[in-house]
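Enquirer: One structure coming up, written as structure tokens, with questions to follow.
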Amino acid sequence: PYPAPESLVAFRSEQSYPDVEDFRAQVAGLEALGAYAFWPADVLEGDEAVQLPAALVSGDLLHALSVPAAAGRLLTPADDRKGADPVVVVTDGFARTHGGVALLGQSLTLSGKPFRVVGILPPRFELPRSAAQILVPMQVIWAIGVSMIVLSGVQFLGRRACCAIGLAIVAGHNLLDP
């Protein structure tokens, strides 16, 4: 599904984003280096939170894959830096079920934070081994905060698991309370 698959090199590894940045700085001759990780995003649809497959991506991932935008623009390295405006790119399938091209410029609430939709990917595009429908810059995700990411997943646990976590928090709090 990529225009020049013979020019791509892929490796799977559990690396931190700073490790990827170090690799980029130390290896000469790379035209582009992209990285991504699965992220189950909580998307607010009306009054209801729905969990959808998303991916945290480096700003140059789509350039590295030679993927064009079907509408709008792609994510760039400028989008993938701390302090950047929170923006996302969505798949064609997501756009078709959420208003089509009219989705561009609209706000999409992910884990309680608004992100502006800046681009739509071409039909049939998908990241390798991923069903991600929303691509979010890696650095911007820290604006949400680690605790919000953890809490966003709790709502999808079963009732017993939520009760057990709640009891553990209360018990822990009571143990620490003098």
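Enquirer: Give region 1-43 a look and list any residue that's within 16 Å of the chain's Cα centre (by Cα), of a type outside the set (Asp, Glu) and at pLDDT 80 or above, or say none.
Expert: Result: 34, 35, 36, 37, 38, 39, 40, 41, 43.
Enquirer: List every residue pair whose Cβ atoms sit under 9 Å apart, with the two residues 6 or more apart in sequence or on different chains, where the first one lies in region 114-130 and is touching a residue at least 12 places away in the same chain (Cβ under 8 Å) and over 15 Å from residue 61 (Cβ atoms) and the second, anywhere, is part of a loop (DSSP other than H, G, I, E, B) and of a type in the set (Asp, Glu).
Expert: What qualifies is 115/85; 116/85.
Enquirer: Working only within region 94-112, note down all residues that are outside any loop (DSSP other than H, G, I, E, B) and crowded, with 16+ Cβ neighbours inside 10 Å.
Expert: Across region 94-112, the qualifying residues are 94, 95, 103, 108, 110.
Enquirer: If you take the residues in region 19-42 that are in contact with a helix residue (DSSP H, G or I) (Cβ under 9 Å, 6 or more places away or on another chain) and more than 24 Å from residue 4 (Cα to Cα), which one is surrounded by the fewest Cβ atoms within 10 Å (Cβ to Cβ)?
Expert: 40
Enquirer: Go through region 77-92 residue by residue and tally those that are farther than 14 Å from residue 34 by Cα and open to solvent by less than 20 Å² (accessible area, probe 1.4 Å).
Expert: 6
Enquirer: With in a loop (DSSP other than H, G, I, E, B), of a type in the set (A, V, I, L, M, F, W, C) and buried (at least 16 other Cβ atoms within 10 Å of the Cβ) as the only criterion, which of 74, 52 stands out?
Expert: 74
Enquirer: Within the bounds of region 87-108, is there any residue that is of a type in the set (Ser, Thr, Tyr) and more than 21 Å from residue 43 (Cβ to Cβ)?
Expert: No, the conditions are met nowhere in region 87-108.
The values are calculated or read from the model by the stated rules, or taken from the named source; none is laboratory data. Owing to the predicted nature of the structure, the values given are computational and were not obtained by experimental measurement. Positions of Cβ are generated from backbone atoms using ideal geometry, with glycine treated the same way; all protein chains shown enter the neighbour counts. The protein model used for the area step is the full one, side chains on, heavy atoms only, and it has no ligands, DNA or RNA in it. Shrake-Rupley method; radii C 1.70, N 1.55, O 1.52, S 1.80 Å.
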